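The values are calculated or read from the model by the stated rules, or taken from the named source; none is laboratory data. Keep in mind that this is a model prediction, so the values were computed, not measured. Cβ sites come from the backbone with ideal geometry, for glycine too, and all protein chains shown count toward neighbours. Each accessible area value is taken on the protein alone, full model and side chains, heavy atoms only, with ligands, DNA and RNA left out. Shrake-Rupley method; radii C 1.70, N 1.55, O 1.52, S 1.80 Å.
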Amino acid sequence: LGALSSMPAVRTFSLYAGMAVFIDFLLQITCFVALMAVDARRQRANRLDCCCCVQLPKKVVGEVRPTTGFIYMFIERIYSPFLMQYPVRIFVMIVFSFLFCGSLTRIPHLDVGLDQTLALPKGSYLLDFFGDFNKYLRVGSPVYFVVKDGFDYSDSDKMNLICKTAGCSSYSLGAQINTAALQKNYTRIALPASNWLDDYLSWIQPSLGCCRLRNGKFDEFCNATGKDA
């Protein structure tokens, strides 16, 4: 199902994972069984596991006695007794506790989310875009403040609750966002928000010399700097 996704990262991972599982199944029913049989013959022949060319002598003629391997003897006779010593156990607990506490202190410094370049195929034009964006425009994620549908913008009292230009309420949404942008110690808003309602109010001001309709063409709007109104 993941291979049918349009996301390159998911599709590529699914294809590789499916192929890996298929190859693993083939190895399980072919090579793994054969290697298990070869290893059983090695044990019956009293040969070492790491160096199967070396055959240990048999104490009793005709007796088939499987031997333990070098790794097993090393763990049983050297590594386990050393690890179970009281000073070593205390040292291991101190080291792992220090690593655990150090990992907890680094959690707040972890980046939120996945790097977007990991989801792109190699050679994509978006890699250059994200590279330039991180180099020249690394300002953080954009934030949008959206007013739900049904708000009556024709009512001037309600409109004053959204705009932030001169004459608007100091408790409006735009004014509060501007105030939050100035408080760097309390918020992460870097710049004041761009409000489309402020642009609209500026566009319809009659003091700019444009009534927003062209002369003789009352169905065609002119721009804010138009002189042929």
Report summary line: If R0 = 45 Å, then Leu56 and Met84, at their Cβ-Cβ distance, give a FRET efficiency to the nearest 0.05 of 0.95
Requested in this report: For segment 79-212, build the convex hull from the C-alpha positions and give me its volume per residue in Å³.
Outcome: 272 Å³
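For the full complex of protein chains and a 1.4 angstrom probe, list Lys184, Lys122, Lys148, Lys158 by accessible area with the highest value first.
Numbers: Lys184 115, Lys122 205, Lys148 170, Lys158 85 Å².
Largest to smallest exposure gives the sequence Lys122, Lys148, Lys184, Lys158.
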Query raised in the report: Rounded to the nearest 10 Å², what accessible area does Ser103 show when all protein chains are kept and the probe is 1.4 Å?
Result: 70 Å²
Requested in this report: For segment 73-83, take each phi angle, set θ = phi - 60°, evaluate the Karplus expression 6.51 cos²θ - 1.76 cosθ + 1.60, and give the result in whole Hz per residue in order, putting x for glycine and proline.
Outcome: 5, 5, 5, 6, 9, 10, 5, 5, x, 5, 5
Requested in this report: Please give the net charge around Ser124, taking every other residue with its beta carbon less than 15 angstrom from that of Ser124, where Lys and Arg add +1 and Asp and Glu add -1.
Outcome: -1
